[in-house]
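Remarks on the structure that follows.
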Amino acid sequence: MAGPVARSRFAVVGGGIAGVTCAEKLAAEFPSEDIILMTASPVIKAVTNFKQVSKTLEEFDVEEQPSSLLEKRYPNIRVIQFGVKQLKSDEHKICTEDGKEYVYEKLCLCAGAKPKLIVEGNPYVLGIRDTDSAQAFQKNLAQAERIVVVGNGGIALELVYEIQGCEVIWAIKDRAIGNTFFDVGAAEFLIPKLTAGSQETPIECKRTKYTVEGSEEGSRAASDKLGSALGPDWHEGLHLKGTKEFSHKVHIEILCEVKKIHLQQEFIQLQRPSLAFPKGEKNVEPDAVLWPVYVELTNGKIYGCNFIVSATGVVPNVEPFLDGNNFAVAEDGGLKVDKHMHTSLPDVYAAGDICTAAWEPSPVWHQMRLWSQARQMGWYAAKCMAADALGESIDMDFSFELFAHVTKFFNYKVVVLGKYNAQGLGSDHELMLRCTKGHEYVKVVMQNGRMMGAVLIGETDLEETFENLILNQMDLSAYGEDLLNPDIDIEDYFD
């Protein structure tokens, strides 16, 4: 016997940034319509302190709030606190885990992504993606003397920088750290920060955390449930300190991946030596300590540790929606969306980490599963749903003209613009660099005299100028090396 059926014009699935932004925009455009927002978690992610830094760059904080706050701000948003069991797209129906059915006219799927773990179901392997896993990590770290971090994206970078009093073996498959954001030069610029003494005291964490322990919800929302992704300053309120008295001890193993993970018993049977933490750069000493778990790397080295952090990216969370629906799915596992955020099914849209942009992108934009893009996509998807509902046409949003992201790594402001790592440009490009050790790092990617991308680390104040130069594709050949000459005020040229 099916439960009662509720109807609404617009439904959104997912309480992360994309879903909440989408629901808020729809609620504002259709104040007399009920907007249904379905989320498996009792807290939602809200954008606060939003600041448009330039045409395409934006800064904001992400705050976890109880869903009742969202309903207060928008009385026409109804939050349904249950996960989705099934989508019946041909009937325009969504079934939730409590057995209820919801009929929609237009639906937007914003269910995010889940961490891509190096191995599933190993108690010594922690995936870090959301606030709950960050807390589990903190509990484990308090007892740890050595951990192995695997992965080379933003979360791994932040983690390794923040951890104190614990030996860190950092295994990366690239030649240099932070490969998703940086090149080797930028990595070299940042590395001294890893080995420096103790850090500047971190600024007070701006995000508040609502815990849901004690309620039945709390036990159900345990680690197997998907939380929302972490915000740009997720580690600030956490006490990331191990048991040892020193501040930083990081050893980086490059160009390698995890070959196998051995539990203590399996390791003893292997009868192979594991390595002590390297003194200086050499790691030849066998380890005298017996560890709970061992990591064997593809370069042949074995390290023991208390636990392993898997920070190796995410997989779009499409599982609950595929059954019985004929979605076009991209190679990276995301739901394909066209330039109006439509999936391949009628009246079903998608935004944020769950989707994959399948339109012909602007030459200086690419998709990356980041907070800034989740917000832009959620907002734009709502605009597209509204336009379709009202039979209006809509232009592609300007935020998809130029890839632009601002963040902080190792306490430096970091801005990445356009094809900042020469993504997809082949060998037909050149790089220009300017670097002041410990102060700033500026790199631009040039092709045929035109600026295609840039990385700015530190307080360079060049982001608006470079954004304009990339957007208007002006021929800059005449300026040659002077483009980055610190004695020439480049803004004066291009106002």
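The Rg/Rh ratio for segment 293-390 is 1.15, where Rg is the radius of gyration of the alpha carbons and Rh is the Kirkwood radius. Working from label points 7 Å from Cα in the Cα-to-Cβ sense, the Leu69 to Glu266 distance is 4.3 nm.
Of Asn421, Thr465, Met451, which is farthest along the charge dipole of segment 404-493 in the positive direction, counting Lys and Arg as +1 and Asp and Glu as -1 at C-beta? Farthest towards the positive end: Asn421. A simple count of charges around Gly178, restricted to other residues whose Cβ falls under 14 Å of its Cβ and scoring Lys, Arg +1 and Asp, Glu -1, yields +1.
Which percent of the Cα-Cα distances in segment 346-396 go past 12 Å?
67 percent
Rolling a 1.4 angstrom probe over segment 42-147 with all protein chains present gives an accessible area of which 48% lies on carbon and sulfur atoms.
The C-alpha atoms of segment 1-130 occupy a region whose extents along the principal axes are 43, 42, 26 Å, arranged from largest to smallest. Charge tally for Trp379 (other residues, Cβ to Cβ under 12 Å; Lys, Arg +1; Asp, Glu -1): -1. Surface exposure of segment 404-493, expressed per residue as accessible area with a 1.4 Å probe, stands at 44 Å².
Counting Lys and Arg as +1 and Asp and Glu as -1 over every other residue whose Cβ lies under 9 Å from the Cβ of Gln52, the net charge comes to 0.
By the equivalent-ellipsoid construction on the alpha carbon gyration tensor, segment 406-448 comes out with semi-axes of 23, 13, 7 Å, ordered largest to smallest.
Overall dimensions of segment 1-78, expressed as equivalent-ellipsoid semi-axes from the Cα gyration tensor (√(5λ), whole Å, largest first), are 26, 14, 11. When only alpha carbons are used to place a centre, segment 396-457 and segment 274-346 end up 26 Å from one another.
Over the Cα atoms of segment 381-495, compute the convex hull volume and normalise it per residue, giving Å³. Display every interim value, and only then the final one.
Working: hull volume 16.2 nm³, N = 115.
Dividing the Cα hull volume of segment 381-495 by its residue count gives 141 Å³.
The values are calculated or read from the model by the stated rules, or taken from the named source; none is laboratory data. Here the structure is a predicted model, which is why all the values come from computation and not from measurement. Because the Cβ atoms are built from the backbone with ideal geometry, glycine has one as well, and the counts that use them run over all protein chains shown. Ligands, DNA and RNA are stripped out before the accessible areas are found, and what is left, the full protein with its side chains, is counted by its heavy atoms. Shrake-Rupley method; radii C 1.70, N 1.55, O 1.52, S 1.80 Å.
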